[in-house]
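Below is one structure; the comments refer to it alone.
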Amino acid sequence: MPNVANLMERSVPQPVLDTLRCAALVASWETVKVQKLYLVGGMVRDLVRGESSVDIDLSVVGNGPGYAAALSNELGGQVTKVSKFGTAAIETDTLTIDVATARVETYEHPGALPNVTPSGITEDLARRDFTINAMAIDLSSNCWGELIDPHGGMSDLMMKRIKTLHADSFADDPTRALRAVRYETRLGFKIQGSTIDDMQRDGARFDAVSPARVLADFRYILGEASRAEALSRAEELGVLGSISPAFRISSRSLQAIKDTPDHEPLFHVSLIGARLTKSEADTLIERLDPPADWRDALGAGSTYQEIASVLERSDLRPSEIAELLSGFPILALEAQLQLAPATRQRAALRSWLEELRFREPLLSGDDLLEAGVPRGPLIGRLLDELRRARLDRTVGTRDDELTLVKRRLPVMLSNGKER
Ligand code: ATP
Ligand code: MG
């Protein structure tokens, strides 16, 4: 068994290493009832690749939550997210530590949440997604630094290969397909052929996975620098299609996602929504059950398509542009701007986003009251009219606005009476 203690000394940042030593110390206390402690997950993978990562995943043979409480106390952190699966998270000022009780997971049906039984590290590693994520480093004081690699993770790291541990892996948990493309594109690896076969055979089983779990893994993809490549690969392998037939991303949207690496996730969601039909957007929204801002971002595209051709007209006044665009989320319009060809539509979008939407009347509601307008809905209607006039530049000064109010007020009052 190789020992990577030296590698840890060299590659792990000092504060993280100190935390791992503290974790090992706490595990040795009789009171916490820990038989063994291991570092697992992404940090082991990244360490063996010669990179450092900051999220610490620990696996405990023994009482995981009890150990998490003791370690958190020692680190001056807080325990969050204790789950019925024997997991807990510790948050310190600088680090997040996930503590899990080593366990075997069985699935009652594909995609279901697992049934969990405590186990040793071998069984715990056997339930993991890919060989490169199924290694552990022993942190117990007498075996500090021993690498446990029962599934050939090290060799797959060298071969740059993403491989599941067994053929039914995606049937157990189809969300692993999203994880596979995420690691593949992040690390510049390749998913092994047989793993792709398994993925495509069991892809249809995504039906059994809850919206919340699909959404969580989709968010992780959007959080990656390689998000565009990961989405493209997920589409190519049929993963998006097996989540929902409505889940397609146009090549222009993909390119736009690639071109905007520093934009927020909601902007990228807006780009995906930008080219969906209404029924696709509705289907996808139902499948992902996302929060309101995502719904609006996904749904805005088809509504925008309905008015896009009107924006091409040459005789549009600014107030008409405002009327067409003011109901849309700003990010949805910024996404359309990113996609729009260099036509009038583009100019209209740009002028709304950059200038028109900020143009407000000089007079306020209070000014209107002072000018003798009766309190009530008329105030709002007059302000709208002033806003339109300002957009179209038919008023300039405050006096112009007052003149307009005095001209329009009697008409509006008499219209009101007729009704
Ligand atoms: P990242 O760098 O993205 O955090 P990670 O490998 O640490 O990568 P986590 O999501 O933090 O990923 O999960 C920690 C570990 O838990 C993984 O390395 C893997 O061993 C295991 N794991 C996570 N999700 C699954 C899953 N759906 N199926 C099986 N094992 C999983
Ligand atoms: Mg992690």
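General remarks:
- Helix 398-418 vs. the chain, principal-axis angle (Cα, 0 to 90°, nearest 10): 80
- For segment 318-419, the spread of Cα coordinates along the three principal axes comes to 47, 31, 20 Å, biggest extent given first.
- Computed over the alpha carbons of segment 60-126, Rg followed by Dmax gives 13.1, 41 Å.
- Taking the alpha carbon gyration tensor of segment 1-159, multiplying each eigenvalue by 5 and rooting it gives semi-axes of 21, 21, 14 Å, largest first.
- Three principal axis lengths of segment 165-243 [C-alpha, angstrom, descending]: 29, 28, 20
- All-pairs Cα distance distribution in segment 209-322, expressed in whole percent, bin size 5 Å: 2, 11, 20, 24, 19, 10, 6, 4, 2, 0, 0
- Charge-dipole axis of the chain as Lys and Arg at +1 and Asp and Glu at -1 on Cβ define it, positive-most pick from Leu409, Ser319, Gln345: Leu409
- Nearest-ten-degree value, helix 330-339 long axis tilted from longest Cα axis of the chain: 80
- Sulfur and carbon atoms: percent of accessible area, segment 365-414 [1.4 Å]: 53
- Relative contact order of the chain: 9 percent, from C-alpha pairs under 8 Å at least 6 residues apart in sequence.
- Spin-label proximity, Ala167 to segment 176-219 - amide N less than 15 Å from point 7 Å beyond Cα toward beta carbon: 193-203
- Highest mean packing first, where packing is the average number of other Cβ atoms within 10 Å per residue, the peptides 158-168, 371-381 line up as 158-168, 371-381.
- Kirkwood-type radius of segment 365-414, with distances r between different C-alpha atoms, in Å: 10.8
- Each peptide in 391-399, 287-295 gets a packing score, the mean of other Cβ atoms within 10 Å over its residues, and the list from highest to lowest is 287-295, 391-399.
- Relative packing of peptides 262-271, 78-87 - highest average C-beta neighbours within 10 Å first: 262-271, 78-87
- Separation of alpha-carbon centers, segment 185-244 and segment 361-419, rounded to whole Å: 55
- Relative contact order of segment 86-194, pairs being alpha-carbon contacts under 8 Å that are 6 or more residues apart, as %: 19
- With 10 Å bins from 0: P(r) over the chain, alpha-carbon pairs, percent: 4, 18, 21, 19, 13, 10, 8, 5, 1, 0
- Reachable lysines from Lys84, criterion Cα separation under 22 angstrom, eight or more residues apart if same chain: Lys33, Lys36
- Shown here for segment 1-63: GluC sites (Glu not before Pro) in loop regions (DSSP other than H, G, I, E, B) with at most 16 other Cβ atoms within 10 Å, namely Glu51.
- Top positive-direction residue, dipole computed over the chain with Cβ charges, set Ser270, Ile221, Pro211: Ser270
- When the C-alpha to C-alpha distance is required to be over 23 Å, the pairs from Lys81/Lys190; Lys258/Lys278; Lys190/Lys258 that qualify are Lys81/Lys190; Lys258/Lys278.
- Values of log10 I(q)/I(0) for segment 281-337 across q = 0.16, 0.26, 0.29 Å⁻¹ run -0.53, -1.07, -1.21, by the Debye formula with one identical scatterer at each alpha carbon and no solvent.
- Each Cα pair under 8 Å and six or more residues apart adds its sequence gap; the mean of these over the residue count of segment 221-350 is a relative contact order of 24 percent.
- Using the 1.4 Å probe convention, the accessible area of the chain works out to 47 Å² per residue with neighbouring protein chains retained.
- Relative to the longest principal axis of the Cα atoms of the chain, the long axis of helix 344-354 makes an angle of roughly 80 degrees.
- Here the accessible area is traced with a 1.4 Å probe on the protein chains. For segment 65-221, carbon and sulfur cover 50 percent of it.
- Considering only Leu37, Leu276, Leu339, the Gaussian network model of the chain with Cα springs below 10 Å gives its largest mean-square fluctuation to Leu339.
The values are calculated or read from the model by the stated rules, or taken from the named source; none is laboratory data. Quick caveat: nothing in here was measured; it's all calculated off a predicted structure. Neighbour counts run over all protein chains shown; Cβ positions are idealised from the backbone, glycine included. Just so you know, the surface numbers come from the protein's heavy atoms only, side chains and all, with ligands and any DNA or RNA stripped out. Shrake-Rupley method; radii C 1.70, N 1.55, O 1.52, S 1.80 Å.
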